[in-house]
Amino acid sequence: MSKFRLAILIALMLTTSVFIVNLITMRADIAATEEQIADINRQIIEQKLRNEEYEDILADANTDDFYRDVAESELGYASRDEKIYIDISGH
């Protein structure tokens, strides 16, 4: 076998090796990207469920209850005829 043919054979083997390594790397990148996409899709589904819950809470029929709960629990308000007893003993 001549030196020229040997050089061509070595060049082809190196090119094939580089191609195979690049192919394996690309497949790994594709798998990682698909995993990220699946994770994002799960997050989208979870957010849609939360949005549906919020829509139910803020529906016209529940609006008064929602605002009353917020006023009582977060702002400390009470209704007009409600009596509030405060423990001043410090316990």
Counting only chymotrypsin sites (Phe, Trp or Tyr not before Pro) that are in a DSSP loop and have at most 13 other C-beta atoms within 10 Å, tell me the longest site-free stretch of the chain. 1-76
Within 10 Å, at most 15 other Cβ atoms, and a DSSP state outside H, G, I, E, B define an exposed site. Report the longest part of the chain free of exposed trypsin sites (Lys or Arg not before Pro). 1-79
Output ³J(HN,Hα) for segment 76-89: one whole-Hz value per residue in order, computed from phi by the Karplus curve 6.51 cos²θ - 1.76 cosθ + 1.60 with θ = phi - 60°, and x for Gly and Pro. x, 7, 9, 6, 4, 9, 8, 9, 10, 10, 10, 7, 9, 6
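May I ask you to compute the full-extension gain from E72 to Q36, defined as 0.36 nm times their residue separation minus their alpha-carbon distance, rounded to one decimal in nm?
8.8 nm
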Can you list which of the GluC sites (Glu not before Pro) found in segment 7-91 are DSSP loop residues with at most 14 other C-beta atoms within 10 Å? E74, E82
Can you tell which of A78, I10, L49 lies farthest toward the positive end of the dipole of the chain, using +1 and -1 charges on the Cβ of basic and acidic side chains (Lys, Arg; Asp, Glu)? I10
Do the sum for the chain: with -39,500 (n - 2.57) for every DSSP H run of n ≥ 4, divided by all residues, what is the mean residue ellipticity at 222 nm, to the nearest 500 deg cm²/dmol? -26500 deg cm²/dmol
Using each residue's phi in segment 8-20, evaluate 6.51 cos²θ - 1.76 cosθ + 1.60 at θ = phi - 60° and report the 3J(HN,Hα) Karplus result to the nearest Hz, with x for Gly and Pro. 5, 4, 5, 4, 5, 5, 5, 4, 5, 5, 4, 4, 5
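Rounded to a whole number, what % of the accessible area of the chain do carbon and sulfur atoms account for, probe 1.4 Å?
Percent of accessible area from carbon and sulfur atoms in the chain: 60.
The values are calculated or read from the model by the stated rules, or taken from the named source; none is laboratory data. Remember, it's a predicted structure, so these values are computed and weren't measured experimentally. Heads up, the Cβs are rebuilt from the backbone with ideal geometry, glycines too, and the neighbour counts pull from every protein chain shown. All accessible areas refer to the heavy atoms of the entire protein, side chains included, with ligands and DNA or RNA removed. Shrake-Rupley method; radii C 1.70, N 1.55, O 1.52, S 1.80 Å.
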